[in-house]
Amino acid sequence: MAPMLVASVIVLLALGRTAWALNSSTILAIDPLQNPYPYYFPPESSAETSALFPVPTCQGMVLEEATIDRLQGYMSNGTLTAVQLLKCYLKRARQVDDYINSIIEHNPDAMDIAAALDEERAAGKVRGPLHGIPFIVKDNIATKDQMETTAGSWMLLGSVVPRDAFVVAKLRQAGAVLMGKATLSEWADMRSNNYSEGYSARGGQARSPYNLTLNPGGSSSGSGAAVAANVVSFALGTETDGSVINPAERNAIVGIKPTVGLTSRSGVIPESIHQDTVGTFGRTLRDAAYAFDAIYGVDERDNYTLAQSGNTPPGGYLQYLTTKSALQNATFGLPWNSFWIHADDEQQATLLSLISLIEAAGATIINNTELPNYETIVSPDGWNWDYGTTRGYANESEYTVVKVDFYNNMAAYLSELNNTKIRSLEDIVAYNYANDGSEGGNPWPLGIPAFYSGQDGFLASLETKGIMDETYYQALEFCQRSTREEGIDAALRNGGNPVDALLVPPDVGQTYQIAAQAGYPMITLPAGLHGDTGMPFGLALMGTAWSEGSLLRWASAIEDVQFSSGAEAPKRTLPNWHGYLEKNIPVRNL
């Protein structure tokens, strides 16, 4: 062997021994896990309690139920950095998400974003209250990064969106850290009329940390579950009919569903141009309001947002947050026969005890402030977006409008995507049939149990071919008129004795259904748990178009009552993780 070659071999062997020694010492320095409980494995002895999945501290700081203000305090005084905070939330996600499945995909750029924001803070630039705060968005909201935007379906995997959704761009500008995408009901509940809420082929079954065996609320299921489980501080969801309010109240968090046109839908996989809106989730009203205040605004790519000009307050919405003292000037209506009568006895008792506290704080409560036409438009048998057809009048049905809108709106959205062959609802339906075993194109038992009725929602939309005929326009006019001036607005006027807002039980799905058809705002606050299931329910405020400022004022005052009235006052409590080892699909709709 040549001398030079021999020398080279000796050097390589020496380097190999050194590398092996270093690697060996590194491996040996990591001891086997001696203390698996309670942060790395849930202790069986803590089942059915919040201690099953306690939130680890973050650099010694309390992360459990930490508000955005508290987190900003930690970062402002140098106790935490955005990078450290992100690592702690990622650790929390790893701790619980095998159970609740709230995140469909993590953002590979998140750590770099957090590091850049830390550099900005060190240089004296703080963008606002969301600077360095991690969040997630529903997987039907486009992000122009390495993450997918699929609505939970395999067919859009690999498709490339043209740009960030407007609301995502706004949050990036505000300094928030996009940690990932949330699981959801596939295609935001449009594809099937009998399905497992919170399930998608790509994402699997999202579950509520309060009871993992039951409907977690949808379609923004993962967004709600993640905030409830302290996986992130806030999240975005979308709503066509209940998909913000329902998961919020079923996860004991705050949900803000704005007036249609106040938050842009550009970059959001659509359902109905007349009802779609983007809303926010937080464990407190202020946290949800920080996010809402960051995302509203006029967007040239969504002409519905032009209507907000002159209807939004100079200086934004945070200025409306207040305390319980504001209730001395408040008057609220209870539409008892319209909605409250449909709540179960336990909810009525709990919510009325909260109403009593609100009244004791100085508010005036007026009962029977009804929607004058409630007997026609409010389904007596629960949420039903085809209630007009149920009554025999397709030209008075919300579903008549939505299924036509969906056909047309999807074609417009898909036309902007790159790197996909999916261009129409026809393509979507064909894909599901061709991949029946994973996407459940056919009804059970040919398809999969999560989509029990297959893709009957898509087929109903496909049948319309997007034709806006006379029946369509009659249905649109009826739904908007009967829920607006003849519905919510009439109840607010209360025969000449006006009320500031309507207080309603949002676990009664007809509440958010009426607000959805009107395109009007709602805010829901956590208010209690069912004794038999452990599932949460809330108290919601309904208002007229563009009344978000007023609703935020009254909701923040009510929340202050909740947290200043003693331990027994109805309010948010931590989840007990019932059925944490159960993996039933479909989840039960209780």
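The values are calculated or read from the model by the stated rules, or taken from the named source; none is laboratory data. It should be emphasised that the depicted structure is a prediction, and the values quoted were computed from it without experimental measurement. Cβ sites come from the backbone with ideal geometry, for glycine too, and all protein chains shown count toward neighbours. The protein model used for the area step is the full one, side chains on, heavy atoms only, and it has no ligands, DNA or RNA in it. Shrake-Rupley method; radii C 1.70, N 1.55, O 1.52, S 1.80 Å.
Take every Cα pair under 8 Å whose residues are at least 6 apart in sequence, average their separation, divide by the length of the chain, and the relative contact order is 17 percent. A 1.4 Å probe, protein heavy atoms only, puts the accessible area of Tyr580 near 20 Å².
Each of Thr67, Thr263, Thr57 has its accessible area taken with a 1.4 Å probe; listed largest first, they run Thr57, Thr67, Thr263. What shape does segment 282-365 have by the C-alpha gyration tensor, where a ≥ b ≥ c are the square roots of the eigenvalues, rounded means a/c under 1.5, and otherwise prolate means a/b greater than b/c and oblate the rest? Note, shape of segment 282-365 comes out prolate.
Counting only heavy atoms of the protein chains and using a 1.4 Å probe, Asp164 has close to 40 Å² of accessible surface. Here's how it looks for Ser266: its modeled amide H is under 5 Å from those of Phe166, which are all 5 or more places away or on a different chain.
Annotation: amide H of Glu105 within the under-5 Å range of Lys181, sequence separation 5 or more or interchain, hydrogens built in the peptide plane.
Karplus-based coupling profile of segment 78-84, in residue order and whole Hz: x, 5, 10, 10, 4, 4, 5, with θ = phi - 60° in 6.51 cos²θ - 1.76 cosθ + 1.60 and x standing for Gly or Pro. Using θ = phi - 60° in the Karplus curve 6.51 cos²θ - 1.76 cosθ + 1.60, the 3J(HN,Hα) couplings for segment 41-54 round to 9, x, x, 4, 5, 9, 4, 6, 9, 5, 6, 5, 10, x Hz; x is entered for Gly and Pro.
Dipole magnitude for the chain: about 1760 debye, using +1 per Lys or Arg Cβ and -1 per Asp or Glu Cβ, origin at the Cα centre. Here Lys583 is the anchor, and the lysines within straight C-alpha reach of less than 23 Å, apart from those fewer than 8 places off in the same chain, are Lys91, Lys138, Lys181. Across q = 0.18, 0.20 Å⁻¹, segment 373-481 modelled as identical point scatterers on its alpha-carbon atoms has Debye log10 I(q)/I(0) values of -0.96, -1.05, in the order of the q list.
A cut-off of 5 Å between modelled amide H atoms, ignoring neighbours fewer than 5 places along the same chain, links Met522 with Lys257.
Calculated on C-alpha atoms, the gyration radius of the chain divided by its Kirkwood radius gives an Rg/Rh of 1.01. By the beta carbon rule, with partners counted only under 4.7 Å, the chain holds these lone Cys residues: Cys479. Extents of segment 402-548, taken as max minus min of Cα coordinates on every principal axis and listed largest first, are 58, 45, 29 Å. Farthest toward the positive end of the dipole of segment 373-481, out of Ala411, Ile467, Trp444, is the Cα of Ala411, where the dipole comes from beta carbon charges about the Cα centre. In the chain, once you exclude exposed trypsin sites (Lys or Arg not before Pro) (DSSP loop, at most 16 other Cβ within 10 angstrom), what's the longest stretch remaining? Value returned for the longest uninterrupted segment is 164-300. Site-free segments of the chain were taken between GluC sites (Glu not before Pro) in DSSP loops having at most 11 other Cβ atoms within 10 Å, sites themselves excluded; the longest one is 1-299.
The heavy atoms of Tyr433 offer some 100 square angstrom of accessible surface to a 1.4 angstrom probe. In segment 80-120, the inverse of the mean reciprocal separation of distinct Cα atoms equals 11.0 Å; this is its Kirkwood hydrodynamic radius.
Distance from the C-alpha centroid of segment 152-195 to that of segment 567-590: 25 Å, rounded to the whole angstrom. Annotation for segment 410-475 versus segment 490-534: alpha-carbon center distance of 32 Å. In the calculated pair-distance distribution of segment 118-205, the portion above 23 angstrom amounts to 34 percent of the Cα-Cα pairs. Can you give me the % of accessible surface on the chain that is carbon or sulfur? Probe 1.4 Å, all protein chains present, nothing else counted. Summing carbon and sulfur atoms, their accessible area is 54 percent of the total for the chain. Computed over protein heavy atoms with a 1.4 Å probe, the accessible surface of the chain works out to 38 Å² per residue. Residue-wise HN-Hα couplings along segment 481-494, as the Karplus relation 6.51 cos²θ - 1.76 cosθ + 1.60 with θ = phi - 60° gives them from phi, are 5, 6, 9, 8, 5, 9, x, 4, 4, 5, 5, 5, 5, 6 Hz; Gly and Pro carry x.
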